[in-house]
Amino acid sequence: MPISGEVAIVGAATTSFGVLHERGYTELIAEAAFGALDDAGLGLDRIGSAWLGTAEPGLTGLVGDAGTAVAEAIGFAPRPVTRVANFCCTGMEAVRAAALDVAAGEHELVLAIGAEKMRDVPSRGSLVARTANLTHPTIAKGRTAPGQFALLANAYMDRFGVARETLAKVAVKNHEHATRNPKAHYRSPITVDDVLAAPLVAEPFGTLDCTPTTDGGAALVLAPVAWAREHAERYAVIRGFGLSVTGGYYTSFYDPETDFLGFRSTREAARVAYAQAGVDDPRAQLDLVECHDCFTVTELVNYEDLGLCGRGEGAALLESGATAHGGDIPVNVSGGLQSCGHPVGATGVRMIAELTDHITGRAGDRQVEGARLGAAHTLGGPGMVSTVCVVGAAD
């Protein structure tokens, strides 16, 4: 059977995100997995398989290089566990694989887990340093995510006449949202002046334009919708799931079709997910969106690539207040990557858990009232890989 309309999310949990030196990688896996099981009201013995999303096992001594991490963390042997990685789409790819497992009828109840431990290394061992120093010796030496997305920011600002202050307002919005999320890495409000005065990383970005480097984990329990109807106290339904890969890691920024104003991968993934979910007017039909705001400009182009507005209209949509909590299309009410941080393998799972909480009416102070349909989006590779998942209420 297909994923769309046939696979339910019956349990969801997220660890706190932050600098978690007191908790190891396998502890984050265990906390997230058992939290999702508790939420579903299930024992571990009921789960047939698990899928693990970890993008950078090199940061944890290769412990997350295979499904063995889950077997060790939660005592899952001898059942199957597969580790997946797809750059910043890793977490959502684990959910997609788990959903395919359920849809194929291979296993009835399946765990999707995302976890990343990014802060237990010195700066020279960080993901930024590894990206700059361990990649292609000529075409990618010294290349970093802030530097790459800064090219996009400068092109976008120049082409559409967007002010530096507008980028800052993305960070201000998402930090304000995070004041209502007890599990976010950053939970304090900031101002435009704070963003503009932050230390420069890559022109025009300062530190507050960039997602923090973070530890964290998240997990979901997936089941057939037919099972959920009979057994689950509450559940949400995966209505659509799209994955698009549009180019290579090293060559992406040399592609003559790349205009540095948006991402084809997002547009293609959204097209697939929306078609499955019956969404032809995202701005009108979606109640909330969690999107990949790795840098402030990325949220603006995501608005456009996800069909919430036309090309070049992202800044105006932000300035209108529509994407703030209480607006007609709230975006990143969790605080987004800007405030939750980006433990790469966990991010996509966290986003889908966030949608599930809103759709089942249990998001607390950040609840989007009446939410019945939402979209989660991740982007990686850099910009050549994207996943979009549409989650809706039970019929």
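The values are calculated or read from the model by the stated rules, or taken from the named source; none is laboratory data. These numbers come from a predicted model, not from an experiment. Every residue, glycine among them, receives a Cβ derived from its backbone with ideal geometry; neighbour counts consider all protein chains shown. Please note that ligands, DNA and RNA were not included when accessible areas were found on the heavy atoms of the full protein model with its side chains. Shrake-Rupley method; radii C 1.70, N 1.55, O 1.52, S 1.80 Å.
Computed quantities for the displayed model
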item	result
Cβ-based charge dipole, the chain, positive-most Cα from 92, 251, 157	251
Crossing angle, helix 296-305 versus the chain [Cα axis fit, 0-90 degrees, rounded to tens]	70 degrees
C-alpha long axis of helix 344-359 to longest principal axis of the chain, angle in °	70 degrees
Beta bridges per DSSP with both ends in the chain, % antiparallel, nearest 5	75 percent
For segment 268-373: Kirkwood Rh in Å [reciprocal of mean 1/r, alpha carbons]	14.1 Å
Spin-label pair residue 143/residue 77, simplified geometry with 7 Å Cα→Cβ offset, distance in nm	4.1 nm
Dipole magnitude of the chain, debye to nearest 20 (Cβ charges: Lys/Arg +1, Asp/Glu -1, about Cα centre)	500 debye
Net charge, residue 364 excluded, C-beta distance under 10 Å - Lys, Arg +1, Asp, Glu -1	+1
The chain, helix-only ellipticity at 222 nm - DSSP H runs n ≥ 4, -39,500 (n - 2.57), divided by all residues, nearest 500	-10500 deg cm²/dmol
Highest average packing first - 287-299, 211-223, Cβ atoms within 10 Å	211-223, 287-299
Virtual spin-label span in nm between residue 394 and residue 65, 7 Å along Cα→Cβ	4.3 nm
C-alpha center-to-center spacing [segment 136-165, segment 255-303] in angstrom	19 Å
Separation of the residue 159 and residue 46 label points, Cα + 7 Å toward Cβ, nm	4.9 nm
Rounded to 10°, Cα long-axis angle of helix 145-160 versus longest principal axis of the chain	60 degrees
Computed over the chain, Cα set: Rg, Dmax in Å	19.3, 58
Surface share of carbon and sulfur [accessible, 1.4 angstrom probe, percent] for segment 1-155	55 percent
